[in-house]
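Working notes, beginning with the structure itself.
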Amino acid sequence: MAADMALPGPRFAEHPLRRQLVGEMQLRRVPTFTLPAHMLQLVRIVDAAQRGAEATALAAMPGAAQAHDRHGAGQVGQLVRTSWERHSEATTATVVMTQAAALPLRWTGGEDGEGSEAATWAETLPGAVVRATRTIVVDDEAQGQAIADTAGFAPSHLVTCHVEAGPPGHHSVRIWSDFRIHADGYGRMVVAANRAMPGDLARCVQRLQELGNYRNLALLGLAVTRASWSELDRLEGAIQDVAQDLTQARERDDDLLATLTQLSAQLLSIGGGSGYRLSATVAYARIVVSRLAELRVTPIAGYQSLDDFTERRFLPAVRTCAALTERLALLDGRAAQCTALLRTRIETHIENQNARLLTSMDRSARMQLQLQHLVEGLSVVAISYYCVGLLSYPVKAAEKHWPALSATLLLGAMAPVVAASVLWFMRRARGRLVSGDKHAATGA
């Protein structure tokens, strides 16, 4: 370390996130420990309002040697280690007491000496605890069985099996637990090392802890699922009623559309309220399955194994959460289909109304055209009458000058000519107007 401090800094430009990324890869590590060991671990959900109090508590971590915004570690004396870590939505506080600090091996709490301060600090951190466990690690199965007999495990819930603490073929660690909350608020687990290497044993205990932690975090979605399931039952019945109204036309289209809009909004609200939790359940469940595969469980005849427990208890709950997501998508699709059908019917009604309106307008236009032709004929007669009337004055005046000229005969002969001229002029004027409209429309 001193040689590293003497070296000059890097001569290249680092990415701003480089050290954060490298630090991320160093998290979630459990240091090796000597046996016997007693481990306390508490997993919490911390609200944003509690972050300030959490930072204050972290600053008071017993024996803190290093603390960051996502990880902190400390050591009290030589036999007690503390650590804290922030995950995506949870935080983990761990206290590991080894050798004399772990003795006597008991479940009743009340740690003595160096472990007392560390345990009190871990138990009083801000946040709501979603998992708290006491894990006692001993050398062999005989000691482990003796400790398990004092744990108060319910025989009907007891899970015990061998898990591999290293590459295939290495020593198999045995565990005991009933995965229940005991009177002190902690779950209990016994681990028998069976000559496993310290590094392999530490990683095995870490996997066992992560398996339980992610299992509880995943099951947070089960409460959301149960709360939403009855609401989906109601919405499914309402959508079915709307579908029947669509086929039987018992309600106005506007009322049906308003109902469907409200139902779709309620489905959207449920999806928005549960989407993150259910997505997190899926992600955590995948981690649980991964950790279980890494442990390579070997069952013990006559006892329930970790595989059995996970298959019978955990996976059905995860499938229930997945079923809610699928049902929500199905109901949302049904509501969308009903809305599409209703909109199609409304659009068909509008098109029919438009067709009837166009037919009525066409009929009115034809009537107006006929009326226009009638008015045009009457206008020809009226204009011709006035024109002949005007011509009668000069003709009658000429008859006075030339008595042989008959004004009546001349006016009678001129009347058809005048009427034909007026008719020709009006049609020509109408033709010019129509031609001008056509040119204007073409130019536009």
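Summary table
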| quantity | calculated |
| --- | --- |
| Region 295-444: equivalent-ellipsoid semi-axes (sqrt of 5 x gyration tensor eigenvalues, Cα, Å) | 99, 14, 7 |
| Computed over region 154-231: relative contact order in percent, which uses C-alpha pairs under 8 Å that are six or more apart | 22 percent |
| Only Lys, Arg (+1) and Asp, Glu (-1) charged, at Cβ; region 281-431 dipole about Cα centre in debye | 240 debye |
| log₁₀ of I(q)/I(0) at q = 0.13, 0.21, 0.32 Å⁻¹ - region 69-120, Debye sum with one point per alpha carbon | -0.34, -0.74, -1.23 |
| DSSP-defined antiparallel bridges as percent of all bridges, the chain, nearest 5 | 85 percent |
| Solvent exposure ordering (accessible area, 1.4 Å, most first) of Thr92, Thr325 | Thr325, Thr92 |
| Rg over Rh [alpha-carbon atoms, Kirkwood Rh] for region 321-369 | 1.52 |
| Relative contact order computed over region 302-444 (Cα-Cα under 8 Å; 6+ residues apart), in percent | 17 percent |
| Solvent-accessible area of Thr150 with every protein chain in place, 1.4 Å probe, in Å² to the nearest 10 | 90 Å² |
| 10 Å Cβ shell holding at most 15 others, DSSP loop, chymotrypsin sites (Phe, Trp or Tyr not before Pro): longest site-free stretch of the chain | 13-302 |
| Rounded to the nearest 20 debye, dipole of the chain from Cβ charges on Lys, Arg, Asp, Glu | 2140 debye |
| Computed over region 47-154: relative contact order in percent, which uses C-alpha pairs under 8 Å that are six or more apart | 20 percent |
| Inter-probe distance in nm under a simple model that places probes 7 Å from Cα toward Cβ, at Thr348 and Arg296 | 6.5 nm |
| Helix-only CD estimate at 222 nm, as mean residue ellipticity for the chain, using -39500 (n - 2.57) per DSSP H run (n ≥ 4) | -21000 deg cm²/dmol |
| Relative intensity, log₁₀ I(q)/I(0), of the chain from a Debye sum that treats every alpha carbon as a point, q = 0.06, 0.07, 0.08 Å⁻¹ | -0.50, -0.59, -0.69 |
| Positive-end extreme of charge dipole, the chain - chosen from Val129, Val388, Gly221 (charges on Cβ) | Val388 |
| Helix runs (DSSP H) in the chain reaching 30 Å along axis by Cα, Kyte-Doolittle at least -1.0 | 198-248, 253-295, 315-401, 407-443 |
| Accessible area in the full protein assembly, largest first, 1.4 Å probe, for Glu14, Glu311 | Glu311, Glu14 |
| Per-bin percent of Cα-Cα distances, region 271-383 [10 Å] | 11, 19, 14, 11, 9, 8, 8, 7, 6, 4, 2, 1, 0 |
| Principal axis dimensions, region 358-438 - Cα atoms, whole angstrom, descending | 64, 23, 15 |
| Fraction in percent of alpha-carbon pairs per bin - 10 Å, region 35-136 | 16, 51, 28, 5 |
| Inter-part distance where region 334-377 and region 91-108 are each reduced to a Cα centre, Å | 84 Å |
| Measure of compaction for region 51-197 (Cα Rg per 2.2 N^0.38 Å) | 1.12 |
| Rounded to the nearest 10 Å², the accessible area of Leu357 at probe 1.4 Å | 100 Å² |
| Mean-position separation - Cα centroids, region 167-232 and region 127-159, in angstrom | 11 Å |
| Carbon and sulfur %, accessible surface of the chain computed with the full protein complex present, 1.4 Å | 60 percent |
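The values are calculated or read from the model by the stated rules, or taken from the named source; none is laboratory data. Just so we're clear, the structure is a prediction, and the values are computed from it rather than from any experiment. Heads up, the Cβs are rebuilt from the backbone with ideal geometry, glycines too, and the neighbour counts pull from every protein chain shown. Ligands, DNA and RNA are stripped out before the accessible areas are found, and what is left, the full protein with its side chains, is counted by its heavy atoms. Shrake-Rupley method; radii C 1.70, N 1.55, O 1.52, S 1.80 Å.
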